[in-house]
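Have a look at the structure below before the remarks.
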Amino acid sequence: MRMFVKPVLIASAILSLAACSLDPREYETTPVVVQTEAGPVTCQLYTHEQVIWDRATSRPNSMDVETADNLCRQEGVRVKSGG
């Protein structure tokens, strides 16, 4: 009987992990626009419990991707904090 317990536990763990979604698209919120001196940055925010996936979907040509993404993460933090 003991021989079957370990494989059953492993299979249960694998099925539990497979049921968890790691696809950010499932957590998307309505995009927001952040106004900057360089122009508007459209941000795709995700779940309000974390901001690691938040990113820019459009930005002014004069702004690099990293700067735009950082602005979006800052906006995610602002929203998360209730702002």
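So who's got an amide H within less than 5 Å of the one on CYS43, skipping anything under 5 residues away but keeping other chains? H placed 1.01 Å off N, in plane.
HN-HN under 5 Å from CYS43: VAL32, VAL33, VAL34, THR57.
Convex hull volume of the Cα atoms in the stretch 23-81, per residue, in Å³?
Looking at the stretch 23-81, the number lands at 70 Å³ per residue.
Taking the mean number of other Cβ atoms within 10 Å as a proxy for protection, how do you rank 28-39, 61-72 from highest to lowest?
Listed from highest to lowest mean packing, they are 61-72, 28-39.
Each reported figure results from applying straightforward, stated rules to the coordinates on display, with no laboratory input. Every value quoted in this text rests on a predicted model; they were computed, and no experiment measured them. Using ideal geometry, Cβ is built from the backbone for each residue, glycine included, and neighbour counts are taken over all protein chains shown.
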